[in-house]
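Everything below concerns the one structure shown next.
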Amino acid sequence: MDELKELELLRHELIQAGLEYYVYDAPTMSDYEYDHKLRRLEELEAAHPEAITPDSPTQRVGGKALEAFSQVEHRVPLESLQDVFDFEELKAFDIRVRGVVPDAHYVVEPKVDGLSVALEYENGLFVRGATRGDGRVGEDVTENLRTIRSIPMRLPDMPAHLIVRGEVFMPKQVFHALNEERERRGEPLFANPRNAAAGSLRQLDPKIAASRRLDILVFNIQWIEGAALSTHLETLEYLKRNNFKVIPHYSCQQMEQVMDHIAEIGENRDSFQFDIDGAVVKVNSLSDRERLGSTAKFPRWAAAYKYPPEVKPSKVTDILVQVGRTGVLTPKAVLEPVRLAGTTVTSATLHNQDFISEKDIRIGDTVLVRKAGEIIPEVLSVVMEQRPEGTRPYFLPSVCPVCGAPVERDEDGAHIRCTGSECPAQLLRNLAHFASRDAMDIDGMGIAVVENLVGAGLVKTPGDLYFLHEEDIAKLDRMGKKSAQNLISAIENSKSQDLSRLIYAFGIRQVGQKAGKVLAAHFKTLDALETATLEELTAIDDIGEITAHSLLEWMSSPQSRHLISRLREAGVNMTATDQGDDQRFAGMIFVLTGALERFTRDEATELIEARGGKAASSVSKKTTYVVAGESAGSKLRKAQELGIQILTEDDFSALLK
């Protein structure tokens, strides 16, 4: 078959398979077959770049990272809705509508708790997408929206100009999986799916947005040229016919039907794959909407019914303390079972000691509980009149309940944290950090491999990595002989890493990459660092008292001494490499901006620091040079305003030589 013909057939087949999977929820092609055919399409498009079209499945992976989002002025404002909080207010809304439109017909939809966006199409092709912003001006997030598989890139009807409004959301299942992954990596958790969706859609790197597996439901046509539609239900059918994933909806002639459907949506909220924070009631006729018009803030033809949060009493039967992957001690109230927002709640987070003390929560108390954002159970208050005699104020333990190491309170927050370097509760996080690219750089040791090793009981501390045997690794799931050989080789290679990387790999609080380099350059050996005093540490530039105390506490821990002993026994390098005499950039501060062609950001930073300079993330009056690559943005403009010398990549290379 001719390659161009094969390319066209593959593209059509994969677009159809994507619609069946992401929009219609009725897949006919296996993931393996889809991935295989997508790879073949990528090969064909690489050979025939002139045949690439904007709607090709290969164009959904995301483009280059941006410096900032540009602004978009909405052709039709994305209005917010007036909230109503009970059926009496809803009836008052109906009376106002029927005062203008006596025979009003309504449509009821669940109100998705996500991020509102406008999608714009020209001649059937997706050309632009923007956030709601303030309703009149939003941010251009086109490249990130391209990564959402349920957004069609080309419309069958090919309207001359179409703008639709929808709600981007993170499916509940994806949200929980993402938070589990972030917990394993020691990263802050997202509070709820809406925050996760908003943060994902506003990533400057579209590849990150693509990894978050966002989805969308479209619920309104803002503007259309090329089709005549008279009702909201007609617009939803038109959108569905053009392969949009359309919001679930109910048609209602009377307000009694509206209220029934609102109650039904509320009762079934757990069955939706997305979070809801209410139900939307809309007048169906588009001409009636024009007659009703809008106030300065809201359309008069729609209202958002907000479900009242359920608040119920329950008894605190115990308080358990969990140790997270980053060592944070989190108290959890064990509750007598109570039904809330469609599920049975048996526990609620108590956040931290400050939260417990502020509300004076004690074991045996009766407390009022609700679901925050319909997701996370939380304790609102204590019912003091029902407090039993003999209860005592609750305080978190002074030692880790898992490993027995001392705990300490964060200097800049309310968290209490375990200080144990070999604490089993932190094992996954510690191992993943130890092996990460900026630390010991053990290639192939991602979180899945770490979980595999820990689950098999082969590794209990980072030091154990250097005593692994190839035959033991080869027996693990998804490994095999070749993978085991590669991993053992990568672990062996990591033994020669510089002392600065080892210091960073320890995961000492307040000691990041920069501090690791400073400490290694000053002390030269780990032995010297181990015996350093507070005075010696604080005398070093860039090492403050908080960092010094954290380092001393870590070094004095029996767990830390055991880890260092194991690493020394394995032959891990504990000496700083010779940094050389080239200090030409001493005292200089560089800022990198835009896309560099010859270096990655990390490579350029290492070259600067190897010559005694510093790489900063923001431009200030202290900046010496700004190195500007392609598509440099706000940092370049600020440098120009401050009169700071700007270097091209050629200029920077000349300085290095």
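Values as computed for the structure displayed
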item	result
Test: residue in region 311-320 that is assigned to a loop (DSSP other than H, G, I, E, B) and out of contact with any strand residue (DSSP E or B) (no Cβ under 8 Å at 6 or more places or on another chain)	no
Residue match in region 422-432 (condition: out of contact with any His (no Cβ under 7 Å at 6 or more places or on another chain) and assigned to a loop (DSSP other than H, G, I, E, B))	yes
Ser618 being small (Gly, Ala, Ser), loosely packed, with under 13 Cβ neighbours inside 10 Å and assigned to a loop (DSSP other than H, G, I, E, B)	yes
Matching residues in region 528-573 - criterion: being β-branched (Val, Ile, Thr) and without any contact (Cβ under 8 Å) to a residue 60 or more places away in the chain	Thr531, Thr533, Thr538, Ile540, Ile543, Thr547, Ile564
Candidates Ala448, Ala505 - the one that is assigned by TED's automatic domain parsing to the domain that holds Leu431 and either modelled with pLDDT of 90 or more or over 29 Å from the mean Cα position of the chain (by Cα) (or both)	Ala505
Helices (runs of 4 or more DSSP H) contained entirely in region 148-220, each with at least 1 residues that are in contact with a Pro (Cβ under 8 Å, 6 or more places away or on another chain)	172-184, 193-201
Residue within region 592-603 that is among the small types (Gly, Ala, Ser), farther than 17 Å from Ala520 by Cβ and without any contact (Cβ under 8 Å) to a residue 24 or more places away in the chain present	no
Residue in region 416-428 that is of a type in the set (Lys, Arg) and either touching a Gly at 6+ places or on another chain (Cβ under 9 Å) or surrounded by 21 or more Cβ atoms within 10 Å (Cβ to Cβ) (or both) present	yes
Test set (1) without any contact (Cβ under 8 Å) to a residue 24 or more places away in the chain; (2) under 19 Å from Gln71 (Cβ atoms) - Gly199 fails condition number	(2)
Region 467-502 - residue that is surrounded by 18 or more Cβ atoms within 10 Å (Cβ to Cβ) and of a type in the set (Ser, Thr, Tyr) and, of those, modelled with the highest pLDDT	Ser494
Filter result for the condition that a residue is part of a loop (DSSP other than H, G, I, E, B) and either under 28 Å from the mean Cα position of the chain (by Cα) or hydrophobic (A, V, I, L, M, F, W, C) (or both), over Val97, Val72, Val101	Val101
Candidate set: region 24-38, residues that are modelled with pLDDT under 70 and either assigned to a helix (DSSP H, G or I) or among the aromatic types (Phe, Trp, Tyr) (or both); chosen: the one farthest from Asp215 (Cα to Cα)	Tyr32
Among the candidates Ala532, Ala548, Ala570, residue that is aliphatic (A, V, I, L, M) and either surrounded by fewer than 16 Cβ atoms within 10 Å (Cβ to Cβ) or closer than 25 Å to Asp441 by Cα (or both)	Ala570
Condition broken by Phe175, with the remaining ones in (1) modelled with pLDDT of 85 or more; (2) more than 30 Å from Gly124 (Cβ to Cβ); (3) surrounded by fewer than 20 Cβ atoms within 10 Å (Cβ to Cβ) satisfied	(3)
Exclusive hit being modelled with pLDDT of 90 or more, surrounded by 13 or more Cβ atoms within 10 Å (Cβ to Cβ), out of contact with any Gly (no Cβ under 7 Å at 6 or more places or on another chain) and not assigned by TED's automatic domain parsing to the domain that holds Ile508, set Pro377, Pro397, Pro401, Pro337	Pro401
Tally of residues being under 25 Å from Lys297 (Cβ atoms) and either in a strand (DSSP E or B) or hydrophobic (A, V, I, L, M, F, W, C) (or both) across region 121-139	6
Residue in region 282-293 that is within 23 Å of Glu167 (Cα to Cα), charged (D, E, K, R) and assigned to a strand (DSSP E or B) present	yes
Within region 445-535, helices (runs of 4 or more DSSP H) holding 1 or more residues that are over 23 Å from Arg417 (Cβ atoms) and among the polar types (S, T, N, Q)	447-455, 480-494, 499-505
Members of region 315-329 that are under 33 Å from the mean Cα position of the chain (by Cα) and either among the aliphatic types (A, V, I, L, M) or at pLDDT 90 or above (or both)	Val316, Asp318, Ile319, Leu320, Val321, Val323, Val328, Leu329
Test for Val258: is it in a strand (DSSP E or B) and not basic (Lys, Arg)	no
Gln497 being farther than 27 Å from Thr330 by Cα and assigned by TED's automatic domain parsing to the domain that holds Ala548	yes
Given (1) among the polar types (S, T, N, Q); (2) surrounded by 12 or more Cβ atoms within 10 Å (Cβ to Cβ); (3) in a helix (DSSP H, G or I), index of the condition Ser565 fails	(2)
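The values are calculated or read from the model by the stated rules, or taken from the named source; none is laboratory data. All figures in this text were calculated on a predicted structure; none of them were measured in a lab. As a convention, Cβ positions derive from the backbone with ideal geometry for all residues, glycine included, and neighbour counts pool all protein chains shown.
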